[in-house]
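Each remark here refers to the structure printed beneath this line.
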């Protein structure tokens, strides 16, 4: 029933189009087509779809079974997962983007007949195309998350064990890995360039990026936290401000944390015009775009806005604050996460009597 045709794309690479067709005499009862970047994936998909159709018979019986098979596709599970849980949890753009990417890459897969070799081959092809090991690891993490939800919340017979086995195999084969901790700090020259760029008074800038960047460096706040800071959450006597729904691996919603403000951070806050409840009433997406655009125009490589939080935390340690004190500025809950900011070396440790 299946035919596979190779096509050459504009960039010189090949794409493989697999077509499954159910005939009754000269009439086509059903036809479906999928395109893949690797022939092995096209063959595997065709084999599995043919197997599904054979289990339900042929002809009209097979066609009648197709809606049920499509109902447990990865695409349908992701759509339901996003619809039912995105409004409850606060998702970042990265998670949403990755889920939609998976729909394009593996959305046609049947979650009930998922196999380990299918997942391992997907990761192998991703690595061959230049995707990094941590991104490939995220593919498996999000597939596992969606399938766990499908089994526990919706009672669907998905093959979750295939994902667990594939994750173990990919780690063993060095196809996947955890993301590396960044240690990038802006140099003094880079900071001065950005400050001068953002400080230009050409009348066209709506966002005071020079103030936001300066505040990030002296407060250790994340970008989205800066854009959600409220005037009413400042305690000037205690020199603290409440970060509402602070990012946390276990619970973000309702995780309101009071963090310490430096004198410099409070001075920047005091300079902002009070036009509403928010101190910096701008969207994090716009701030991110402005920062990325400035780095590109200035030729600053591999610098992200989040690296300013790293810079701020390192400065606190360099100023002499202890670990437990720095944690009250940054909001970190564990030393395991905070220790990478210290940049301590064995030679720097002073021996005590």
Can you find, within the stretch 292-305, the residue that is farthest from the chain's Cα centre (by Cα) among those that are outside any helix (DSSP H, G or I) and surrounded by 14 or more Cβ atoms within 10 Å (Cβ to Cβ)? 300
Given the criteria more than 25 Å from the chain's Cα centre (by Cα), surrounded by fewer than 16 Cβ atoms within 10 Å (Cβ to Cβ), farther than 21 Å from residue 324 by Cα and touching a residue at least 12 places away in the same chain (Cβ under 8 Å), does residue 273 qualify? no
Just to be sure, is residue 218 within 27 Å of the chain's Cα centre (by Cα) and over 30 Å from residue 111 (Cα atoms)? yes
If you check residue 180 against the conditions, is it in contact (Cβ under 8 Å) with a residue 60 or more places away in the chain and closer than 30 Å to residue 137 by Cα? no
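Table: residues versus (1) outside the structural domain of residue 34 (by TED's automatic domain parsing); (2) crowded, with 19+ Cβ neighbours inside 10 Å; (3) free of Cβ contacts under 8 Å to residues at least 12 places away in the same chain.
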residue	(1), (2), (3)
113	yes, no, no
120	yes, yes, no
127	yes, no, no
135	yes, no, yes
144	yes, no, no
149	yes, no, no
Taking residue 235 as the residue in question, decide whether it is touching a residue at least 40 places away in the same chain (Cβ under 8 Å), more than 18 Å from residue 212 (Cβ to Cβ) and surrounded by fewer than 13 Cβ atoms within 10 Å (Cβ to Cβ). no
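The values are calculated or read from the model by the stated rules, or taken from the named source; none is laboratory data. Everything numeric here is computed off the predicted structure, so don't read it as measured data. Virtual Cβ from ideal backbone geometry, glycine too; neighbours counted across all protein chains shown.
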